[in-house]
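Note sheet for the following structure.
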Amino acid sequence: MVKSSQMWKSFKSDILKSLIIALIIGIGSYLPIIDLLNLTAYNQKFIFRGQLKPDNKVVIVSVDDESIDWMSKWPWPRSYHAKIVDILKEHGAALILFDVFFDSPTQFDPQDDVQFAESVKKAQNVILAANFQNIKENAFFKVKVEPFKRPIKMLDDAALDLGVVHPYFDKDNVVRRFQIIYHSGDKEYYSLALQAVRYIQNKAGILLIPGNRIKCGRNIIPLQGKNLLVNYYGPSRTFETVPYVRIYDGSFLKDSPDFFKGKIVLIGASTEVLHDVFPTPFDINMPGVEIHANVIQTILDGLYISKISFIYLLGLLILFVYINVIISHMFKIRFLFLLVVVQTAIIFIGNAYIFKYFRLEIPTYTLISSIFITFVVQTVIKFISEEKEKRKIRGVFSQYVAPSVVDELLAHPDKVELGGSLREVTIFFSDIRSFTTFSESHTPAQVVEQLNEYLDEMTKVIFEFGGTLDKYVGDEIMAIFGAPLPLANHPKIAMDCCIAQLKKLRALQQKWKEQGKTVLDIGMGLNTGEVIVGNIGSDMHKDYTVIGDAVNLAARLESATRNYTTPEHTCYLLISEFTYEKVKEYYKCNLIDEIAVKGKKTKTKIYEVVIEF
């Protein structure tokens, strides 16, 4: 029940943590640096997807370097455009769209404007470029400025319609989207591309429908805010492009007289000299006229790019964060970093394929940031938790074991279970003989001084052999071999420690004798068996100790050394048959008796270890 409660508490904590981190990342994705990274990844998805082949519904007549070299420097007399319109109309062009501004009279013969206007009016399928400016009314002069900048009046009157041509720039000045409807008061203006789609469908009406979509004839156009995400078909010159001069001189149409029949023809500059080129996901110098072609083709084919909504993105972030929080509980930090790298690669590849096959844009670096931030947060939490655990382990064991053992426990805290476990260990007890008589015949200061010296030296030996000091009970020492860290062949090591203590005691006895102090002697007991090992006690105080029958037997062995000590022979160390079976090949031991431990019916054989100094 307790375990179930802890699991539920951990689950709630992980969910709450995931929600908070995901929400912070979701909001943080609008930060300029993350937004720019996502836009860069968006460009890379187009490169990964590769070029698409558009049909021949949309073609371009290009004012390119070749045309300018042959015909003269730009701008050209508008009689040239009049001739182009006449030729395209004659060869069956369905629509003719100019991505060229004619907002001021010609600088050549004024008759050129008249001739151009007559050709446009006669063709009845020419849409001219306009500009939309977000200009507010001047409060001081009360001058109202028309935001929709039109061509000169005679061309405006002659044209089938007008279309806005200026592109929409993202933060990095790349054209990824295009605004296709503009509003000023109660007036509505359409982009050149949307006008093309309208008129190719017999001047279809425009209707705003729920879900931020526009209905234009048979086309339902989804918008992201006010803009359409342009599904670029490829880099520059992906669309069929014919130099302006080759139409003007008739050379192109000699071999392909029906090339323009039934098509939407866009006329605009492609040379960088005229500065009508813009960065796009595919290249940094795409002509504006080709951007319009991509917008038109996107709408006609219905190959729209959609962007995941914030709600769905937040749900995805919560899932990613939660999975990584769970994973972080299972693995070490070094392995977690490897998983972060692997997940990052999966996100890059997976996102690219999702974009390629489903035309869905999921912000790549927002997802990646969720993994990295979760990794950082969990690493910090793990570090704090581990430091807390280390302090706990240091606090528990620093008084019981050698510093080297504490360091090992701190390096591998998984090796110790503070909550308690069943383990085979060897338990050691020692006691000073006739300590009561010694205490009564000396002052408290003398007793404490000599006892401290004895305990200090004996404890150093225990630590030297990897033993764990359990406790002092007056003059009695209790130690454990085999916990908290596993100790190979702990019965033999405990025996070695006992012999070393006796040798150290001999040196102390000689020192005390020279100092005129009372010479103290001891008895020791060892037993090997399974006990419960753990941090045991109350909420106010706990001790790392062992409990079980094996402990009682070790204590009984130590006290029994007095029973087998005579004036002629001192019994220093008794061991149980359980310890004997593990050390008999190393030490000479004599079976001395069988004793019964309180509460046990069967007797246990006990052995005296033969000690030679």
message: Exactly one of these conditions fails for HIS541: (1) at pLDDT below 90; (2) in contact with a helix residue (DSSP H, G or I) (Cβ under 7 Å, 6 or more places away or on another chain). Give me its number.
response: (2)
- prompt: Residue check: is ILE20 free of Cβ contacts under 8 Å to residues at least 40 places away in the same chain and part of a helix (DSSP H, G or I)?
  reply: yes
- prompt: Based on what the data block shows, is VAL519 modelled with pLDDT under 95, among the aliphatic types (A, V, I, L, M) and surrounded by 18 or more Cβ atoms within 10 Å (Cβ to Cβ)?
  reply: no
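Every residue, every condition in (1) in a helix (DSSP H, G or I); (2) modelled with pLDDT of 90 or more; (3) not hydroxyl-bearing (Ser, Thr, Tyr), yes or no:
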| position | (1), (2), (3) |
| --- | --- |
| PHE429 | no, yes, yes |
| THR437 | yes, no, no |
| GLN450 | yes, yes, yes |
| GLU453 | yes, yes, yes |
| ASP456 | yes, yes, yes |
| ILE462 | yes, yes, yes |
| ALA479 | no, yes, yes |
| MET495 | yes, yes, yes |
query: Do we have any residue at all in segment 58-78 that's of a type outside the set (Ser, Thr, Tyr), touching a strand residue (DSSP E or B) at 6+ places or on another chain (Cβ under 6 Å) and closer than 30 Å to ILE354 by Cβ?
result: yes
- prompt: Across segment 549-582, what is the number of residues that are within 59 Å of the chain's Cα centre (by Cα), modelled with pLDDT under 95 and β-branched (Val, Ile, Thr)?
  reply: 1
- request: Residue by residue through segment 583-613, note down the ones that are open to solvent by 30 Å² or more (accessible area, probe 1.4 Å) and modelled with pLDDT under 90.
  value: ALA596, LYS598, GLY599, LYS600, LYS601, THR602, LYS603, ILE611, GLU612, PHE613
message: Need the failing condition index for LEU487 against (1) hydrophobic (A, V, I, L, M, F, W, C); (2) open to solvent by 50 Å² or more (accessible area, probe 1.4 Å); (3) assigned to a loop (DSSP other than H, G, I, E, B), just the number.
response: (2)
task: Considering only segment 508-537, state which residues are over 30 Å from PHE578 (Cβ atoms) and either within 46 Å of the chain's Cα centre (by Cα) or in contact (Cβ under 8 Å) with a residue 12 or more places away in the chain (or both).
output: LEU508, GLN509, TRP512, LYS517, THR518
task: Could you list, in sequence order, all residues of segment 352-374 that are part of a helix (DSSP H, G or I), in contact with a Phe, Trp or Tyr (Cβ under 9 Å, 6 or more places away or on another chain) and surrounded by 20 or more Cβ atoms within 10 Å (Cβ to Cβ)?
output: PHE355, THR364, LEU367, ILE368, SER370, ILE371, THR374
- request: Could you tell me whether any residue of segment 189-210 is aromatic (Phe, Trp, Tyr) and within 15 Å of ALA93 (Cβ to Cβ)?
  value: yes
- prompt: If you scan segment 544-565, which residues turn out to be charged (D, E, K, R), closer than 15 Å to GLU476 by Cα and free of Cβ contacts under 8 Å to residues at least 60 places away in the same chain?
  reply: ARG556
query: If you go through segment 56-64 one residue at a time, do you hit one that is at negative phi and at pLDDT below 90?
result: yes
query: Given (1) open to solvent by 10 Å² or more (accessible area, probe 1.4 Å); (2) under 30 Å from GLY217 (Cβ atoms); (3) among the aromatic types (Phe, Trp, Tyr), where does PHE331 come up short, assuming only one miss?
result: (2)
task: Check off (1) touching a residue at least 12 places away in the same chain (Cβ under 8 Å); (2) open to solvent by less than 80 Å² (accessible area, probe 1.4 Å); (3) in a loop (DSSP other than H, G, I, E, B) for ILE575 and give me the number that stays unchecked.
output: (3)
query: If you take the residues in segment 31-62 that are more than 20 Å from ASN285 (Cα to Cα) and in a loop (DSSP other than H, G, I, E, B), which one is least open to solvent (accessible area, probe 1.4 Å)?
result: ASP55
message: Quick check on segment 152-159. Is at least one of its residues at pLDDT 95 or above, over 20 Å from ALA204 (Cα atoms) and loosely packed, with under 14 Cβ neighbours inside 10 Å?
response: yes
- request: Considering only segment 216-326, give the strands (runs of 3 or more DSSP E) lying wholly within it that have at least 2 residues that are under 28 Å from SER29 (Cα atoms), open to solvent by less than 50 Å² (accessible area, probe 1.4 Å) and in contact with a helix residue (DSSP H, G or I) (Cβ under 9 Å, 6 or more places away or on another chain).
  value: 227-229
Only one of LEU95, LEU88 that is touching a strand residue (DSSP E or B) at 6+ places or on another chain (Cβ under 7 Å), modelled with pLDDT of 95 or more and farther than 17 Å from LEU253 by Cβ: LEU95
message: Can you report the number of residues in segment 160-198 which are outside any strand (DSSP E or B) and open to solvent by less than 30 Å² (accessible area, probe 1.4 Å)?
response: 14
- line: Restricting attention to segment 63-97, the residues that are outside any helix (DSSP H, G or I) and either touching a residue at least 24 places away in the same chain (Cβ under 8 Å) or of a type outside the set (Lys, Arg) (or both) number exactly 14
task: May I ask you to list pairs of residues, at least six apart or on different chains, whose Cβ atoms are under 8 Å apart, with the first in segment 579-597 being under 14 Å from LEU526 (Cβ atoms) and part of a helix (DSSP H, G or I) and the second being charged (D, E, K, R) and open to solvent by less than 90 Å² (accessible area, probe 1.4 Å)?
output: TYR580/LYS605; LYS582/LYS492; VAL583/LYS492
statement: Considering residues that are more than 23 Å from SER434 (Cβ to Cβ) and open to solvent by less than 10 Å² (accessible area, probe 1.4 Å), the number found within segment 490-516 is 4
Candidates PHE108, PHE102 - the one that is assigned to a loop (DSSP other than H, G, I, E, B) and either open to solvent by 50 Å² or more (accessible area, probe 1.4 Å) or over 19 Å from LEU274 (Cα atoms) (or both): PHE108
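The values are calculated or read from the model by the stated rules, or taken from the named source; none is laboratory data. The shown structure was predicted, so the numbers you read here are calculated from the model rather than taken from an experiment. Glycine also receives a Cβ, built like all others from the backbone with ideal geometry; neighbour counts cover every protein chain displayed. All accessible areas refer to the heavy atoms of the entire protein, side chains included, with ligands and DNA or RNA removed. Shrake-Rupley method; radii C 1.70, N 1.55, O 1.52, S 1.80 Å.
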